[in-house]
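First comes the structure, then the notes that go with it.
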Amino acid sequence: MPQRTLITGFGPFPGAPINPTERCVRALQAQTTDPSLRTLVLPVTYAEAFALLEAELRAFRPDRLFMLGLHQKARCVRLERQARNQISTTQVDANGHRSTQQQIKVEGKPSYSATLDVEQLERLIQSCGLDVEQSVDAGSYLCNYTYYRALELVHREGWNTEVVFIHVPPTDDLLTEDLPKRGQVLSIATLQELVRHLVNF
């Protein structure tokens with residue numbers, strides 16, 4: 001039986017009117033008829049993002065969850081080894097709202113680790129000719145927030161779902177004077193190819 005795989009991306013947010021992860025996830029969705037593969041674009045809002053993800057996780061119960069997000073300062077693909085129990089009180093979401101507390105869950109665990117083999121995934125990405133690094137700081141915005149909540153849910157429910165978050169740098173069509181090149185530049189086509197490789201990981 002094929003593994004059930006869920007791949008998520010994010011929509012636009014303040015400072016990023018175009019999110020390449022949304023484009024890649026929607027392209028994959030349009031190309032597949034495989035019932036063991038589902039995709040989901042999450043709004044960059046604290047009120048909706050995890051609620052939608054949790055509903056899909058409970059309905060689909062995937063074996064693997066690949067979460068994709070845009071990191072505007074990344075120099076290459078970043079594999080986030082952990083999600084931390086921290087949240088920004090200054091950054092607003094796509095609805096203009098911000099958190100009023102610095103912890104995602106009061107009295108929650110300080111962090112949760114990825115449950116997917118990060119080293120093996122790193123080798124796969126390198127085999128695609130892409131620069132990649134491991135990270136222990138997924139930030140304090142919606143990416144880290146949904147990652148932490150997803151891992152907390154998986155641990156709490158005792159599921160065997162393998163979860164990892166992948167940050168991608170801006171694609172070449174997004175580079176401007178305000179968003180300059182910082183490292184390896186990916187085209188949207190290259191990023192879409194990477195997402196297709198994740199399906200067969």
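The values are calculated or read from the model by the stated rules, or taken from the named source; none is laboratory data. No experiment lies behind these values; they were computed from the predicted model shown. Here Cβ is always computed from backbone atoms with ideal geometry, including for glycine, and neighbour counts include all displayed protein chains. Remember, those area values only see protein heavy atoms, side chains included, never the ligands or the DNA or RNA. Shrake-Rupley method; radii C 1.70, N 1.55, O 1.52, S 1.80 Å.
Do we have residue 52 as closer than 25 Å to residue 99 by Cα and assigned to a helix (DSSP H, G or I) here? Yes. Here residue 53 fulfils each of the conditions (1) more than 15 Å from the chain's Cα centre (by Cα); (2) in contact (Cβ under 8 Å) with a residue 24 or more places away in the chain apart from (1).
Among the residues making up segment 82-103, those that are β-branched (Val, Ile, Thr) and either loosely packed, with under 13 Cβ neighbours inside 10 Å or touching a Lys or Arg at 6+ places or on another chain (Cβ under 7 Å) (or both) are 89, 90, 92, 100. Residues in segment 55-81 that are assigned to a loop (DSSP other than H, G, I, E, B) and open to solvent by 40 Å² or more (accessible area, probe 1.4 Å): 61, 63, 71, 72, 73, 75, 81. It is to be established whether one or more residues within segment 120-130 are farther than 21 Å from residue 10 by Cβ and in contact with a Cys (Cβ under 8 Å, 6 or more places away or on another chain). No - not one qualifying residue is present in segment 120-130. Consider segment 124-147 and keep the residues that are open to solvent by 60 Å² or more (accessible area, probe 1.4 Å) and of a type outside the set (D, E, K, R). The one that is farthest from residue 86 (Cα to Cα) is 127. Residue under question is residue 42, and the condition is that it be over 16 Å from residue 142 (Cα atoms), open to solvent by less than 20 Å² (accessible area, probe 1.4 Å) and in contact (Cβ under 8 Å) with a residue 24 or more places away in the chain; does it hold? So residue 42 fails the test. Looking across segment 1-31, the residues that are among the polar types (S, T, N, Q), open to solvent by less than 40 Å² (accessible area, probe 1.4 Å) and not in a helix (DSSP H, G or I) come down to 5, 8, 19.
The single condition among (1) within 18 Å of residue 147 (Cα to Cα); (2) without any contact (Cβ under 8 Å) to a residue 24 or more places away in the chain; (3) among the basic types (Lys, Arg) that residue 61 does not satisfy is (2).
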